[in-house]
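Beneath this line is the structure, given in structure tokens, with notes to follow.
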Amino acid sequence: PSSNDTSNTSKLAVTDPERVLISKLRAIFARGFLPSITFGSTAVGATLEQLLEIPINSSKDPDFHGIEIKSKRTQKTKKPTGLQTLFSKTPDWKKSPYSAKNLLDDFGYIKSDVLQLYLTISAAKATNHHGFFLKVDEESDRLFCVHRTINEETELLEWSISSLIAAIEKKHKKTIWVSADTNVIDGIEHFHYYKAIITEMGSFDHLPELLRTGVITLDLTLKRKPSGATRDHGYLFRVKSENLYSAIPKPREIDLT
């Protein structure tokens, strides 16, 4: 494109980001299956962000001029499955009895020669198979990650519920959820981004109920690096794909053809 075209697109992105983003997604859809730029679970999002010319980052702010972009592998012929990350929020470290290092030291397990702690934790189950569960206390505005043994319960991490509500309202004020079909071609995963749905966030005061009923869960993503440092990939609040629109209502499907 000419420099004038680029300038016009830049101005349009500021004044009408949704229209620009949908136009870009339609162009990507029309290209069919496109090769992944990387490997693993995050490849579907990283590839789409590169196609959209969005710098890869872990910012708490939305991706594209106020619009958050979420993408997921979903075969056209099957219903969505698995977990969708809504947002990440670190615990209130000043009030949490445990640090990330403490958690790994006390509860980590060895896998592929790496000390790690990758868990999905719910308030709807008494405990998961590692003894962890979530406890929601609306009266004190707190969410606790708790570990239970036969003899005792120990509160490990905590968040203020109001800070979680603020985080999700900021992250998902307007979100576009993109589905990608996948295919392996010459040993490389390819994605066809074929479907997009937009949601717009109102108040999220129903978060405690979604946590309590297990619609929204917490993932720990901790491991120890070879240097000895503790690494986490976020404290991820996630929802089952089939429950996404009970968590974030008013979906609006976009025709990409």
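The values are calculated or read from the model by the stated rules, or taken from the named source; none is laboratory data. Fair warning: this is a prediction, and the values are worked out from it, not measured in the lab. For neighbour counting, all protein chains shown are included, and Cβ atoms are generated from backbone atoms with ideal geometry for every residue, glycine included. What goes into the accessible areas is simple: the full protein's heavy atoms, side chains included, and nothing from ligands, DNA or RNA. Shrake-Rupley method; radii C 1.70, N 1.55, O 1.52, S 1.80 Å.
On the principal axes of its alpha carbon atoms, segment 93-221 extends 52, 44, 26 Å, with the longest extent given first. The alpha carbon centroids of segment 205-242 and segment 101-128 are separated by 11 Å.
Using 1/(1 + (r/R0)^6) with R0 = 22 angstrom and r between the beta carbons of Lys101 and Thr221, what's the FRET efficiency to the nearest 0.05? FRET efficiency, Lys101 to Thr221: 0.95.
Within 10 Å, count the other beta carbons around each residue, average over each peptide in 215-224, 92-101, and list them highest first.
215-224, 92-101
Considering only Leu48, Thr221, Ile165, the residue lying farthest towards the positive end of the dipole of the chain is Leu48, judged by Cα position with unit charges set on Cβ. The 1.4 Å probe gives accessible areas that order His190, His130, largest first, as His130, His190. With one equal scatterer per alpha carbon and no solvent term, the Debye-computed log10 I(q)/I(0) for segment 99-149 at 0.18, 0.19, 0.31 1/Å reads -0.64, -0.70, -1.19. 3J(HN,Hα) along segment 242-257, derived from phi through the Karplus expression 6.51 cos²θ - 1.76 cosθ + 1.60 where θ = phi - 60°, amounts to 6, 9, 4, 8, 8, 7, 10, x, 6, x, 10, 7, 9, 7, 8, 7 Hz, with x in place of Gly and Pro. Beta bridges per DSSP, both residues in the chain: antiparallel share near 90 percent.
Between Arg31 and His206, full extension at 0.36 nm per residue minus the direct alpha carbon distance yields a gain of 59.0 nm. Put simply, the C-alpha atoms of the chain give a gyration tensor, and the ellipsoid matching it has half-axes of 35, 22, 17 Å, longest first. Listed values for segment 152-169 are Karplus-derived 3J(HN,Hα) couplings in whole Hz (6.51 cos²θ - 1.76 cosθ + 1.60, θ = phi - 60°), namely 7, 10, 10, 6, 9, 10, 8, 9, 7, 4, 5, 5, 5, 4, 4, 5, 6, 5, and x replaces Gly and Pro. Peptide packing: for 152-163, 191-202, the average count of neighbouring Cβ atoms within 10 Å per residue gives the ranking 191-202, 152-163, highest mean first.
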